[in-house]
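Below is one structure; the comments refer to it alone.
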Number of protein chains: 2
Amino acid sequence: MSAYYSEHARFLVSVDCIIFGFKDGRLQLLIGKRQMDPGRGAWSLYGGFVKADEDIDTTAKRTLTSLTGLSKVFMRQVGAFGAVDRDPGERVISVAYYALINVADYDDRLREKYGLQWFDMDALPPLYSDHKEMIGMALTRLRRQVAAGPAGLRLLPDLFTLTQLQRLYEAVFGKEMDKRNFRKRIQAADFIEKTALIDKSGSKRGAALYRFNKNFVQDYPDIKQ
Amino acid sequence: MSAYYSEHARFLVSVDCIIFGFKDGRLQLLIGKRQMDPGRGAWSLYGGFVKADEDIDTTAKRTLTSLTGLSKVFMRQVGAFGAVDRDPGERVISVAYYALINVADYDDRLREKYGLQWFDMDALPPLYSDHKEMIGMALTRLRRQVAAGPAGLRLLPDLFTLTQLQRLYEAVFGKEMDKRNFRKRIQAADFIEKTALIDKSGSKRGAALYRFNKNFVQDYPDIKQ
DNA sequence: CCAAAAGTGTTTGCCTTACACCCATGC
DNA sequence: GCATGGGTGTAAGGCAAACACTTTTGG
């Protein structure tokens with residue numbers, strides 16, 4: 001092993017996961033009570049330490065997979081949090097990621113096993129360390145991402161009705177939307193396609209089911225080069 | 001010193017600064033040749049290691065100040081870069097920040113002393129490690145920030161003409177803009193105010209000088225709570 | 001007097017918003 | 001037959017884009 005930069009300080013680096021789900025028409029967050037000192041028993045994001053030979057993105061995925069059993073989850077970095085005293089125990093630099101999961105894919109027994117709980121985004125308990133700040137930034141990113149493209153669909157099952165989708169958008173942006181305008185907007189978006197299937201569970205008449213259009217190719221208009 | 005988490009790996013953490021300037025009507029970047037191995041002589045962002053008792057934000061400011069002599073510089077975090085092999089020397093996790101400086105405030109002798117050079121954003125040389133990726137992301141953030149508010153003014157002197165400002169916006173967004181529409185937009189923005197001063201250097205007729213309106217209060221419409 | 005940059009309004013199309021009623025079905 | 005959620009169109013206002021000429025003055 002080389003030691004080019006050996007005279008400098010070294011730090012514990014962790015990942016904290018902001019796990020968004022959509023349940024009961026509301027945007028929810030999966031958090032748990034800390035199992036270790038300091039702060040044992042405080043509500044906290046789920047996190048894990050970066051391993052010596054592991055990309056930080058990989059740490060995030062590993063942490064999430066170990067927790068939920070899900071792989072191929074949509075995750076995006078929120079940023080690095082590096083105040084000296086952010087963790088009351090020892091200095092830890094943390095990189096926050098947010099994840100979007102479809103709660104139906106998530107085994108509730110795993111949730112219980114890890115002592116995790118879904119909380120409504122606007123009824124969060126006090127949180128450990130700077131986790132509240134991380135969540136605030138993650139929500140901003142989530143909104144931008146959902147406004148810009150199909151990311152929001154990750155929070156729904158593969159097949160969904162337009163009413164479900166509208167409830168999701170309303171939950172993400174925290175405001176009610178007009179049904180007709182919403183449907184016009186969705187029909188204009190090329191990332192959602194109608195199927196021939198009908199969902200009869202939500203209403204007597206039945207509602208058309210839609211899904212993500214796999215032919216959709218994202219273009220990133222503002223990333224140059 | 002406590003050791004709550006002592007069994008985990010520890011990492012070198014550095015900061016890399018993406019320093020934007022506006023010179024000769026173009027968006028430019030301040031970079032230098034690496035002075036150390038590995039990669040000695042390669043073009044590189046300027047960076048520094050995080051110290052044991054230092055917030056990462058502070059590392060970024062310290063690094064920038066030591067380089068430019070400027071304090072109170074506008075800086076924003078871009079994100080953490082944590083691939084295992086991103087640095088060919090030893091594993092280093094780096095947090096990228098971008099900074100906006102007014103080149104007129106910057107002592108050119110300091111630039112020479114550190115062997116730094118301004119490069120046009122669309123004529124960058126090959127860069128060390130993942131620095132090109134950092135720059136791409138920083139540019140995306142910069143555009144968002146400038147589109148949303150007064151951040152772009154940090155790249156100009158305190159007093160500026162509308163033509164200068166338009167050239168700046170054109171450089172940031174990489175496209176030409178219509179003069180009349182641009183001026184309408186600026187006159188509608190409440191963060192810029194006209195002064196009674198006239199700049200005679202750029203034209204025979206003279207152009208009105210504008211400045212940042214210090215009464216402007218930023219509101220962040222989409223950051224909840 | 002002319003070159004060179006400063007300054008100034010109107011029209012058009014598009015996209016967003018507001019708004020109310022009929023449809024299909026299970027019970 | 002009625003309660004329940006599903007589904008549809010149009011008009012108005014606001015915003016962004018296109019577009020060309022007059023003004024001032026140093027040389």
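The values are calculated or read from the model by the stated rules, or taken from the named source; none is laboratory data. Here the structure is a predicted model, which means the values were calculated and not measured. All Cβ positions, even for glycine, are placed from backbone atoms using ideal geometry, and neighbour counts span all protein chains on display.
Structural remarks
- Answer residue from region A:188-211, given it is within 15 Å of A:Ala148 (Cα to Cα) and at pLDDT 95 or above and is farthest from DNA strand D (Cβ to nearest atom) among those: A:Phe191
- Residue among A:Arg62, A:Arg109 that is touching an Asp or Glu at 6+ places or on another chain (Cβ under 8 Å), surrounded by fewer than 20 Cβ atoms within 10 Å (Cβ to Cβ) and either part of a loop (DSSP other than H, G, I, E, B) or among the charged types (D, E, K, R) (or both): A:Arg62
- Selection from region B:71-80 of residues that are modelled with pLDDT of 95 or more and more than 8 Å from chain A (Cβ to nearest Cβ): B:Val73, B:Phe74, B:Met75, B:Arg76, B:Val78
- Any hit, region B:149-156, residues being within 16 Å of DNA strand D (Cβ to nearest atom) and either of a type in the set (Val, Ile, Thr) or over 24 Å from B:Arg76 (Cα atoms) (or both): no
- Within region A:1-36, the set of residues being more than 9 Å from chain B (Cβ to nearest Cβ), among the charged types (D, E, K, R) and assigned to a strand (DSSP E or B) comprises A:Asp16, A:Lys23, A:Arg26, A:Lys33.
- Of all residues in region A:156-167, none are modelled with pLDDT of 95 or more and over 22 Å from the mean Cα position of the chain (by Cα).
- Selected residue [surrounded by 16 or more Cβ atoms within 10 Å (Cβ to Cβ), assigned to a loop (DSSP other than H, G, I, E, B) and in the same structural domain as A:Ala138 (by TED's automatic domain parsing)] from A:Gly39, A:Gly47, A:Gly89: A:Gly39
- Identity of the residue in region A:52-70, within 14 Å of another protein chain (Cβ to nearest Cβ) and among the polar types (S, T, N, Q), that ends up nearest to A:Lys113 (Cα to Cα): A:Thr63
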